[in-house]
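Q: Pasting a structure below so you can have a look.
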Amino acid sequence: EVHLLESGGGFVQPGGSLRLSCAASGFTFNNYPMTWVRQAPGKGLEWVSDIPGSGGRTYYADSVKGRFTISRDNSKNTLYLQMNSLRPEDTALYYCSKGGFGSVTDYWGQGTLVTVSS
Amino acid sequence: QAVVTQEPSLTVSPGGTVTLTCGSSTGGVTSGHYPYWFQQKPGQAPRTLIYDTINKHSWTPARFSGSLLGGRAALTLSGAQPEDEAEYYCLLDYPDFRVFGGGTKLTVL
C-alpha cells in the first residue's frame, strides 16, 4: 500500500526557512517523479514543484522559483522541499504526491501546515 | 505561466448529470496537456479521479468520466450521488510547469 507522510511544517517569521520532508513507502520510490502541491487556507490547489525519479532537472512554479528547492534521497525514500525567504503568502498546507511529469499523479499525503507570520 | 479556468460552482440534482470543464489561457486543451481531475472534500487531501484526459483509477466510481469538449477538458458525472458533493480541480501539464484550475464547487441538491 502506498503511503506518503509529510513533516516539517510549522510557524516561521517572514524571511525565515523551513525544510519539509515526505517519507514514502509501498512503491519503488526511485522509479517515480514526485510533486509538491500547496493549498492556502480556504483557497484552491497550487502546483509548487516536480522532481524526476532520478533527480536531475527540477521544475518550479514562478511564485517559488529562486526561493524553494526540491530534492530527494532515494536511499531514504524521502522527498524534500527546502523553503527559504518565506513570505506570508507561502502560508499553506503542503502536500506531496506520487507522480509528476511523465508519470501519473495518483497518491497524495495528508499534508503539513506551514504558517508564515510575524 | 498559464491560467486554467473552471466554473466556480455548479449544482446537480441527485441522479442527474453535470459536466465540469477546464480551459487554458494559452489556447485549446488537448491530450498533450494530460488533463487530470481531482476531487477534494472538506478536511481531506485531494483524490485523483481522472488522468490523461479519460483514464480512471481503480477507486474512481464508474459514474465519472473524462473527455475533451470544445477545446476544454471535461469531467462528466452521470447519476450524481450525495457523496459527490465536493470541490473538483483540474490540472494541466505544460512543457515546464503544471497549473491547477481554480476549482469547481459541486453541490448535489
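Q: In the range A:78-118, which residue that is among the aromatic types (F, W, Y) and surrounded by fewer than 21 Cβ atoms within 10 Å (Cβ to Cβ) is nearest to the chain's Cα centre (by Cα)?
A: Residue satisfying both the conditions and the ranking: A:Y80.
Q: Going by the conditions given, is A:G56 more than 19 Å from B:T48 (Cα to Cα) and modelled with pLDDT under 95?
A: yes
Q: Can I ask one more? What is the one condition in (1) more than 10 Å from chain B (Cβ to nearest Cβ); (2) more than 20 Å from B:Q1 (Cα to Cα); (3) among the hydrophobic types (A, V, I, L, M, F, W, C) that A:I51 does not satisfy?
A: Here A:I51 meets the rest and fails (2).
Q: Here is a further query. I'd like to verify a number: residues in the range B:70-84 that are at pLDDT 95 or above and surrounded by fewer than 18 Cβ atoms within 10 Å (Cβ to Cβ), how many?
A: 7
Q: On to the next question. For the subset of the range A:1-40 comprising residues that are surrounded by fewer than 21 Cβ atoms within 10 Å (Cβ to Cβ) and charged (D, E, K, R), which member is nearest to A:S85 (Cα to Cα)?
A: Checking each candidate, the answer is A:R19.
Q: Something else now. Could you tell me which numbered condition A:S85 fails, if it satisfies all but one of (1) in contact with a Gly (Cβ under 7 Å, 6 or more places away or on another chain); (2) within 21 Å of A:A24 (Cβ to Cβ)?
A: It is condition (2) that A:S85 fails.
Q: If you don't mind, there's one more thing I want to ask. Name the strands (runs of 3 or more DSSP E) wholly within the range B:8-109 that hold at least 1 residues that are within 14 Å of chain A (Cβ to nearest Cβ), within 18 Å of A:C96 (Cα to Cα) and acidic (D, E)?
A: B:86-93
Q: For the range A:103-115, does any single residue satisfy the condition of being more than 13 Å from chain B (Cβ to nearest Cβ), touching a residue at least 60 places away in the same chain (Cβ under 8 Å) and in contact with a Ser or Thr (Cβ under 7 Å, 6 or more places away or on another chain)?
A: Yes, because at least one residue in the range A:103-115 is more than 13 Å from chain B (Cβ to nearest Cβ), touching a residue at least 60 places away in the same chain (Cβ under 8 Å) and in contact with a Ser or Thr (Cβ under 7 Å, 6 or more places away or on another chain).
Q: Can you name the condition, by its number, that A:K43 falls short on among (1) of a type in the set (K, R); (2) buried (at least 19 other Cβ atoms within 10 Å of the Cβ); (3) within 23 Å of B:T5 (Cβ to Cβ)?
A: Every condition holds for A:K43 apart from (2).
Q: Is it true that A:N74 is of a type in the set (S, T, N, Q) and free of Cβ contacts under 8 Å to residues at least 40 places away in the same chain?
A: For A:N74, the condition - of a type in the set (S, T, N, Q) and free of Cβ contacts under 8 Å to residues at least 40 places away in the same chain - is not met.
The values are calculated or read from the model by the stated rules, or taken from the named source; none is laboratory data. Here the structure is a predicted model, which means the values were calculated and not measured. Glycine gets a Cβ as well: all are built from the backbone with ideal geometry, and neighbour counts include every protein chain shown.
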